[in-house]
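Below is one structure, written out as structure tokens; comments come after it.
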Amino acid sequence: MKSVVFAYHNMGVAGLEALLRNGFNVRTIFSHADDPGEKCWFASVADWAKGRDIPVLSPEDVNKPEWIGHIAALAPDTIFSFYYRKMLCQEILNIPAAGAYNLHGSLLPAYRGRVPVNWVLVNGERQTGVTLHNMVAKPDAGDMVGQKAVDIAFEDTAVSLYDKLCRASSALLDEVLPLIRTGNAPRMVQDASKASYFGGRKPEDGCINWSWTATRIYNLIRAVTDPYPGAFSFLPDGTKVLVWWGVPEEEVSGADEAGTVVVDKEEEKVYIASGAGRIRLLDIEINGIRIKNSAIWQYFRQYKNMPVLK
């Protein structure tokens, strides 16, 4: 079965490997040129394709008439999108006789839209998953072919959860790709009444509100820690403090104003008071210098009066 694939990131590589494993003939891959302003910690679809003599194209706008004609000339039976970052126009979706499919990183209809792996952590979800669905004009709204659930551990970060989703995607595709090849793929209509949609996140969305509960702040920290831009706050003089890691202690209560730095001199630990509980700082960055564990205590010893982060 001939396929044209739109792919990027680790999930793109996982999807492509599943296609080859299940006997699909990948004719051409459309991907993205890496953004020099983005930390590319993930696998390269282009590098993966080089070793397999599969052509890779990276047009700025694949929905232009010349690219639509190019795809039509390839006469694919199927089209797949694995974490490709742009919507495909209806003219492209109409080309393959056996369907156009997208792999989405959530249990649809929940968390339609952008960066679901980050959003489920920000929102403290305990389960997510992956869904293969038919592509339609509306994002992530087409009939589903199959899903695979993934439990979210309390210590999961966006990267560790993403790794889980990649493994779940491989397992899901091994189940449903044979059904697509034989024309027996199921079509499960999404319940629109249960749909939720989330947009993309920007670096400034990592600003910590210390009036939140400690667990809510922790969820933000783990959702955007390395290799993402990081959660942050500011010292009274405006110096930015990136919080790469910290753990919550909800059971602790006190009269400290939210955002106040609290130093435990005996145990050489540093906490930030929150709206309920506190966050123990374990890995921060100030003025480009990474400070971890007891070195954080050493840093804040310079203050006669503990600052309040904003």
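Every number here is computed from the coordinates shown, using simple stated rules; none is lab data. Source: prediction; values computed, not measured. Positions of Cβ are backbone-derived with ideal geometry, glycine not excepted, and every protein chain shown enters the neighbour counts.
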| field | For the chain: span of alpha carbons on each principal axis (Å, largest first) | value | 72, 39, 30
| Roughly what would the spin-label model give for Glu175 and Cys40, points 7 Å off Cα along C-beta, in nm? | 3.4
| Can you run phi through the Karplus equation (6.51, -1.76, 1.60; θ = phi - 60°) for the stretch 81-86 and list ³J(HN,Hα) in whole Hz, with x for Gly and Pro? | 10, 10, 6, 6, 8, 10
| remark: The answer for chymotrypsin sites (Phe, Trp or Tyr not before Pro) in the stretch 1-68 that fall in a DSSP coil and have at most 16 neighbouring Cβ atoms within 10 Å is Trp41
| field | Derived scalar couplings ³J(HN,Hα) [the stretch 153-168; Karplus, 6.51 cos²θ - 1.76 cosθ + 1.60; whole Hz; x for Gly, Pro] | value | 7, 4, 8, 4, 10, 4, 5, 5, 5, 4, 4, 4, 5, 4, 5, 5
| Given H placed on each backbone N at 1.01 Å, which residues far from Tyr84 in sequence or on other chains put an amide H within less than 5 Å of it? | Tyr8
| task | Write down the percent of antiparallel bridges among all DSSP beta bridges whose residues are both part of the chain, to the nearest 5. | result | 65
| request: Scan the stretch 90-199 for GluC sites (Glu not before Pro) in coil per DSSP, keeping those whose Cβ has at most 14 other Cβ atoms within 10 Å, and list them by number. | output: Glu155
| request: Could you tell me which chymotrypsin sites (Phe, Trp or Tyr not before Pro) in the stretch 111-189 are loop residues by DSSP with no more than 15 other beta carbons within 10 angstrom of their beta carbon? | output: Phe154
| task | In whole Hz, with x marking every Gly and Pro, tabulate ³J(HN,Hα) for the stretch 283-299 from phi via Karplus 6.51 cos²θ - 1.76 cosθ + 1.60, θ = phi - 60°. | result | 7, 10, 9, 10, 6, x, 10, 7, 10, 10, 6, 5, 5, 5, 4, 4, 5
